[in-house]
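What follows is one structure encoded as structure tokens, with my remarks underneath.
The values are calculated or read from the model by the stated rules, or taken from the named source; none is laboratory data. The structure presented is a predicted model; accordingly, all values stated were derived computationally and were not measured. Don't worry about glycine lacking a Cβ; one is built from the backbone with ideal geometry, like all the others, and counts go over all protein chains shown.
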Amino acid sequence: MSDDLNALLEPGMLVQHPERPDWGTGQVQSNIGGRVTVNFREEGKVVIDSRQVTLIPVFD
């Protein structure tokens, strides 16, 4: 498990949650101390514990 991939996430980047594809693409709002706040299109604002979940960057 890679907890350092999430450390590269910056505000404005687009991501997907690996276990919740139904949430759609989200935009990173902040990344502070292992807590990544993402605003998902279908779910709204969610705080992700980056030690538990590695978000998937979306490049389009």
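Looking at region 1-24, which of its residues are within 9 Å of the chain's Cα centre (by Cα) and outside any helix (DSSP H, G or I)?
Across region 1-24, the qualifying residues are Leu9, Met13, Leu14, Val15, Gln16, His17.
Select, from Gln52, Gln27, the only residue that is among the polar types (S, T, N, Q) and under 8 Å from the mean Cα position of the chain (by Cα). Talk me through it step by step, then tell me what you get.
Values: Gln52 fails: under 8 Å from the mean Cα position of the chain (by Cα).
Exactly one residue qualifies, and that residue is Gln27.
Residue by residue through region 25-52, note down the ones that are in contact with a helix residue (DSSP H, G or I) (Cβ under 9 Å, 6 or more places away or on another chain), modelled with pLDDT of 95 or more, surrounded by 13 or more Cβ atoms within 10 Å (Cβ to Cβ) and not in a strand (DSSP E or B).
Glu43
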